[in-house]
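The values are calculated or read from the model by the stated rules, or taken from the named source; none is laboratory data. Quantities reported herein were computed from a predicted structural model and do not represent experimental measurements. Positions of Cβ are generated from backbone atoms using ideal geometry, with glycine treated the same way; all protein chains shown enter the neighbour counts.
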Amino acid sequence: MLCGRIRNVVNLLDMITERSAENFIGINRHFYGWYSTGSSHVELPMKRKKSERKPLVTSVNELKREARLRRKEKQMVQENTLRPPENGLLVKGLVPVAHEVYAARAKLNACVSRIVKSIAIFSCSLCGEVHVGDPPHRIRTCDVAGSLKNKEHTWERGGVEHILPLVESFHLYDWVGRAVSHNEQLQVDRIPAIVELCVQAGFDIPEYPTRRRTFPIYSLVGKIIDFERRFPKEDTPGKDINTYGFWDKKKKSSEEDKFFDLHSNDVQAIAVQGMEAWERMRSGASKLMKKYAVQTCGYCSEIQVGPKGHKVRNCQAFKHQMRDGQHAWQEATVDDLIPLVYVWHVRDRHSGEPLVNGLKRYYGMLPAVVELFAQAGAYVGDHYAGVMREDVAVPELDELKWVV
C-alpha cells in the first residue's frame, strides 16, 4: 500500500514537470501565463476621431420613449409633480457632497502644483500628447498636419493645465430659467464646470451668486409656473461682489495653505493626499450628476451644467456648418466633466531609459494625474490594473523575436 502511494506521488511530480516544460518551450502557447496575475485583458483607451460622436448615455429608443411621454403629458391638462432639483429646490442630502467635491478640487490642484516641481511634464507642440516623467517617450504616435515623417513627437515642457485641462461652463443665476442665448455669451460669466456643479448643488460662492428658492415651481401642460417673486427682498445678487475681481490676483486661501503644514517637503505624502482627493472628487461628482443634469456637445468638449444646453453658436467640430454652429447636446458623463488625459505608464522612472516604439504593445496607460501621483510614490487602485498592464512582462528589444 505504501509503495502504491509513493508511485502515485512520483507520477504526479512527473506530470507537473512535463506540463511546466511544455509551457516553457511554448507547446501550449501559454508562455505569458507565467507573468499574469489573473487580471482581465482591457483595451487601451484610444483617441476619438473628429468625425465620431460621443457614445450616448441613454439609448436612442429610450430617448424617443421619453419624448412620447412628454408629448402625452402636454396634451393632458393636469399638474405634474416635480421633485428636487427639477422644482428649483436643493437636494438636501447632496449639499455636503457639493462641499466635499469643492474642497477635494482645491486640494487636488494644490497637490498637483507641488508635485510638478519635482516631476517633469512634457507636451507635444503639434498633437498635444502628454508625457509624465523625464525623459519623454519615443513612441511614434504623432500623426497630425505638420508632424515629422517618422511621426515622432516634438516635446516641450508642460504644466498643470496639460494634465488637468480646464472645462468651463456658463454660470446660471437661475438653474431652471431659460438658456443662455448667442447674444448673451459675453455678458454671462464662465467658470469651471465642476465648480458650477457644486454651486448649483448647494455650495455658495459670493462672486457667483445663484438663486435659492424657498418655494417649489410647478409644471402645468408643459409650462413652468413660478409663484415666487423674481427677485425676493432677501436675495441680493450684487452683495459682496468685487467689481474689479477680474483684474485682481486672488490669494491662496488659508484652507489650501494648511494642506501641507505637516508634510511640506514629503512628495510621497503629498501624492497620497492628491490621489485621495482625485478619487473623492470624481466619486462625488458622479453622485451629483445623478440628480443635477449636465449637458455636453456630442462632437466637441463644450459643457453646460443645467437641464438644457445653451444656444451659443460656437461649435467648430464635425459638420458644424449643418448645425449653424450650434452644439449637438446630449447627456454628459463624469469623464466629460473631468476629462481623463491618458499617458503612457512608466514603471521605473529612475531607470532613465525612455519608452521605445518597438515595445509599445507591452506598455500600459494611466490618466495623467494618476501617473503623476504614481511616480511620486502613491498607491494606484485596483480599478486601474487593466490599463496599467503591470502583469505583462516587457522584453528587451533583442528578445522580441523570441516572444510567442
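When you scan the stretch 360-374, do you find a residue that is over 20 Å from H153 (Cβ atoms), exposed (fewer than 15 other Cβ atoms within 10 Å of the Cβ) and touching a Phe, Trp or Tyr at 6+ places or on another chain (Cβ under 9 Å), even just one?
Checking the stretch 360-374: not a single residue is over 20 Å from H153 (Cβ atoms), exposed (fewer than 15 other Cβ atoms within 10 Å of the Cβ) and touching a Phe, Trp or Tyr at 6+ places or on another chain (Cβ under 9 Å).
Got a sec? Which of K107, K74 is surrounded by 10 or more Cβ atoms within 10 Å (Cβ to Cβ) and within 13 Å of G284 (Cβ to Cβ)?
Among K107, K74, only K107 is surrounded by 10 or more Cβ atoms within 10 Å (Cβ to Cβ) and within 13 Å of G284 (Cβ to Cβ).
Filter the stretch 378-389 down to the residues that are surrounded by 14 or more Cβ atoms within 10 Å (Cβ to Cβ) and either of a type outside the set (S, T, Y) or part of a loop (DSSP other than H, G, I, E, B) (or both) and list them by number.
Matches in the stretch 378-389: A378, V380, A385, G386, V387, M388, R389.
Being over 23 Å from L359 (Cβ atoms), out of contact with any Phe, Trp or Tyr (no Cβ under 9 Å at 6 or more places or on another chain) and surrounded by 20 or more Cβ atoms within 10 Å (Cβ to Cβ), is that true of even one residue in the stretch 146-167?
Yes, because at least one residue in the stretch 146-167 is over 23 Å from L359 (Cβ atoms), out of contact with any Phe, Trp or Tyr (no Cβ under 9 Å at 6 or more places or on another chain) and surrounded by 20 or more Cβ atoms within 10 Å (Cβ to Cβ).
Would you call S123 surrounded by 14 or more Cβ atoms within 10 Å (Cβ to Cβ), assigned to a strand (DSSP E or B) and touching a helix residue (DSSP H, G or I) at 6+ places or on another chain (Cβ under 8 Å)?
Considered against the rule, which asks whether it is surrounded by 14 or more Cβ atoms within 10 Å (Cβ to Cβ), assigned to a strand (DSSP E or B) and touching a helix residue (DSSP H, G or I) at 6+ places or on another chain (Cβ under 8 Å), S123 comes out as yes.
Please go through the stretch 31-71 and give me each residue that is among the small types (G, A, S) and either exposed (fewer than 10 other Cβ atoms within 10 Å of the Cβ) or at pLDDT 85 or above (or both), ordered by number.
Result: G38, S40, S51, S59, A67.
Find the residue count for the stretch 276-301, including only residues that are within 14 Å of the chain's Cα centre (by Cα) and acidic (D, E).
So the count comes out to 1.
Going residue by residue through the stretch 355-366, is there one that turns out to be touching a residue at least 40 places away in the same chain (Cβ under 8 Å), among the small types (G, A, S), touching a helix residue (DSSP H, G or I) at 6+ places or on another chain (Cβ under 7 Å) and under 27 Å from Q273 (Cα atoms)?
Within the stretch 355-366 (the criterion being touching a residue at least 40 places away in the same chain (Cβ under 8 Å), among the small types (G, A, S), touching a helix residue (DSSP H, G or I) at 6+ places or on another chain (Cβ under 7 Å) and under 27 Å from Q273 (Cα atoms)), the answer is yes, since at least one residue qualifies.
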